[in-house]
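Report on the structure given below.
The values are calculated or read from the model by the stated rules, or taken from the named source; none is laboratory data. Nothing here was measured: the structure is a model prediction, and the numbers come from that model. No Cβ is skipped: glycine too gets one built from the backbone with ideal geometry, and neighbour counts run over all protein chains shown. Remember, those area values only see protein heavy atoms, side chains included, never the ligands or the DNA or RNA. Shrake-Rupley method; radii C 1.70, N 1.55, O 1.52, S 1.80 Å.
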Amino acid sequence: MTDTAKARLIDGKAFAEGLCARTAKKVAALVARKGVRPGLAVVLVGEDPASQVYVRNKGKQTVEAGMDSFEHRLPAETKQDELLALVERLNRDEGVHGILVQLPLPKHIDADTVLLAIDPAKDVDGFHVVNVGRLSTGAGEALVPCTPLGCLMLLKDTLGDLAGKRAVIVGRSNIVGKPMAQLLIAESCTVTVAHSKTRDLPEECRRADILVAAVGRPRMIKGDWIKPGATVIDVGINRIEEGGKQKLVGDVDFDQAVKVAGAITPVPGGVGPMTIACLLANTLTAACRKAGIDPESL
Ligand SMILES: NC(=O)c1ccc[n+]([C@@H]2O[C@H](COP(=O)([O-])OP(=O)(O)OC[C@H]3O[C@@H](n4cnc5c(N)ncnc54)[C@H](OP(=O)(O)O)[C@@H]3O)[C@@H](O)[C@H]2O)c1
């Protein structure tokens, strides 16, 4: 590629809108056929401003998809036992098919204990060890974490069959990096997971046909770390100040990468919108499984 070459932009916003529209249609069909309206309960503890925005958006889009939205806003000083009691109630509630406890939780609450208390069949975030185990072994029907699921959808839409491709994921979090690795292994990619102790990260990245960046460091991945023609998925959402203005940037130096990559997700408008779209899709999946119906048949 020459210096003026431009990667194809992967339009996550448009893809997410299409996915939400398909989900809404299926929700209407599920209501018509089985009399079941999927319900998503979102629990927010405390007043973290970013979390409040996420929860508001989730509620709005849930209703737009024709689902029931239940918001539970609890004060920051809520005791762990009180939160666990609410999760228990939601586990038993027939109208609730998906439960999401917004992270991060206040420091006095152990997030692992709370996530483990969620019924795996309602765990639409896919963080419960049962779902993690199902995803990694392929046994049973997992609910898959929303952000990596969204990345996979964008990759398949861009590249078609992923078998045999060399994928490098930078980041090994439970939320993004590890489930992304499992999804790409299941697609028969050859997967490398890099992290803060990786030696010669640029060289590892240069081997990738598919490069997924989930680090949380603004513009860390440079243009010359990217193999010409590679597909780059930038999960990073970093708020920076530049030229006196607040800006959202990814983990990839977009202006450099766009000259080298074959296709790339922008930030914003790439992976970001896919997360809520996949959350709604997961809630529909959970409701369909409960009703004994294949979501593909709707
Ligand atoms: N909806 C969305 O689009 C969405 C959803 C979730 C997250 N995000 C964004 O994605 C990014 C990652 O999120 P996360 O939750 O996965 O973050 P995280 O839990 O902080 O994990 C970051 C990972 O990056 C690795 N890392 C840190 N510095 C590195 C370096 N210099 N070189 C190589 N690896 C390095 C860490 O390695 P170690 O394990 O060795 O520490 C860790 O595995 C953040 O910007 C977040 O805002 C976006």
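Note on the chain: with charges restricted to the Cβ of Lys and Arg (+1) and Asp and Glu (-1), its dipole about the Cα centre is near 500 debye.
Exceedance of the 31 Å cut-off in Cα-Cα distance is limited, within the set LYS13/LYS197; LYS26/LYS156; LYS79/LYS197; LYS122/LYS259; LYS122/LYS197, to LYS13/LYS197; LYS79/LYS197; LYS122/LYS259; LYS122/LYS197.
Here the chain has 52 percent of its accessible surface on carbon and sulfur atoms, given a 1.4 Å probe and all protein chains in place.
When the surface is traced with a 1.4 Å probe over the full set of protein chains, PHE70 keeps roughly 70 Å² accessible. Counting Lys and Arg as +1 and Asp and Glu as -1 over every other residue whose Cβ lies under 12 Å from the Cβ of THR23, the net charge comes to +1. Rolling a 1.4 Å probe across the protein heavy atoms gives the range 1-156 an accessible surface of 50 Å² per residue.
Computed from phi, the 3J(HN,Hα) profile of the range 162-167 under the Karplus parametrisation 6.51, -1.76, 1.60 (θ = phi - 60°) reads 9, 4, x, 6, 8, 10 Hz, with x in place of Gly and Pro. Pairs of C-alpha atoms in the range 1-93 farther apart than 22 Å represent 49 percent of all such pairs. Modelled label positions at ARG217 and ALA29, each set 7 Å beyond Cα in the direction of Cβ, lie 4.6 nm from each other.
Counted by Cβ distance under 14 Å from ARG206, the other residues give a net charge of 0, where Lys and Arg count +1 and Asp and Glu count -1. Backbone phi angles across the range 191-196, fed through the Karplus curve with coefficients 6.51, -1.76 and 1.60 (θ = phi - 60°), yield HN-Hα couplings of 10, 10, 10, 9, 7, 5 Hz in residue order; Gly and Pro are listed as x. Highest average first, the peptides 261-267, 56-62, 240-246 ordered by how many other beta carbon atoms sit within 10 Å of their residues are 261-267, 56-62, 240-246. Pairs of C-alpha atoms in the chain farther apart than 34 Å represent 22 percent of all such pairs.
When the chain is described by a simple charge dipole with +1 on each Lys and Arg Cβ and -1 on each Asp and Glu Cβ, the residue from ILE210, VAL260, ASN91 located farthest towards its positive end is VAL260. Strictly over 27 Å apart at the Cα level, which of LYS107/LYS290; LYS58/LYS165; LYS60/LYS290 would you flag in this model? From LYS107/LYS290; LYS58/LYS165; LYS60/LYS290, over 27 Å: LYS107/LYS290; LYS58/LYS165. Ranked by solvent-accessible area (1.4 Å probe, protein heavy atoms only, all chains present), the residues LYS107, LYS6, LYS156 order from largest to smallest as LYS107, LYS6, LYS156. Rg ratio for the range 68-170: its Cα radius of gyration over 2.2 N^0.38 Å, N being its residue count, equals 1.29. Rolling a 1.4 angstrom probe over the protein heavy atoms with all chains in place gives the range 178-256 an accessible area of 51 Å² per residue. Hydrodynamic analysis of the range 234-298 uses the Kirkwood radius over alpha carbon pairs. Inserted into Stokes-Einstein at 10 °C and 1.306 mPa s, it gives a translational diffusion coefficient of 110 µm²/s. Counting 0.36 nm for each residue step from GLN80 to ASP112 and taking away their Cα separation leaves a gain of 10.4 nm. Summing Cβ point charges (Lys, Arg +1; Asp, Glu -1) relative to the Cα centre of the range 231-298 gives a dipole of roughly 220 debye. Assign one of three labels to the range 126-215, namely rounded, prolate or oblate, based on the Cα gyration tensor with a ≥ b ≥ c the square roots of its eigenvalues; rounded applies when a/c is under 1.5, prolate when it is not and a/b is larger than b/c, and oblate otherwise. Oblate, because a/c is 1.5 or more while a/b does not exceed b/c.
Compute for the range 168-298: radius of gyration divided by Kirkwood radius, i.e. Rg/Rh, restricted to C-alpha atoms, rounded to two decimals. We get a ratio of 1.04 for the range 168-298.
Computing FRET efficiency as 1/(1 + (r/R0)^6) for LYS245 and ALA186, where r is the C-beta to C-beta distance and R0 is 30 Å, gives about 0.15.
Each peptide in 221-228, 206-213 receives the mean, over its residues, of other Cβ atoms within 10 Å, and ordering these scores from highest gives 206-213, 221-228. Between ASP119 and LYS13, the FRET efficiency estimated from the beta carbon spacing at R0 = 30 angstrom works out to 0.40. Of the residues THR198, PRO148, GLY164, the one whose Cα sits farthest toward the positive end of the charge dipole of the chain, with +1 on the Cβ of Lys and Arg and -1 on the Cβ of Asp and Glu, is GLY164.
Which aspartates and glutamates have a Cα less than 16 Å from the Cα of LYS222, not counting those fewer than 8 places away in the same chain? Excluding near neighbours in sequence, the set is ASP3, ASP200, GLU203, GLU204, ASP209, ASP234, ASP251, ASP253, ASP255. Among LEU154, LEU280, LEU84, the residue with the largest mean-square fluctuation in a Gaussian network model of the chain, with springs joining Cα atoms closer than 10 Å, is LEU84. Mean residue ellipticity, 222 nm, helices only, the chain: the sum of -39500 (n - 2.57) across DSSP H runs of n ≥ 4, divided by residue count and rounded to 500, is -13000 deg cm²/dmol.
When restricted to Cα atoms, the range 1-160 yields an Rg and a Dmax of 17.9, 60 Å, respectively. SER136 exposes around 60 Å² of accessible area when a 1.4 Å probe is run over every protein chain in place.
Remark: the range 182-298 carries a charge dipole of roughly 260 debye about the Cα centre, counting +1 on each Lys and Arg Cβ and -1 on each Asp and Glu Cβ.
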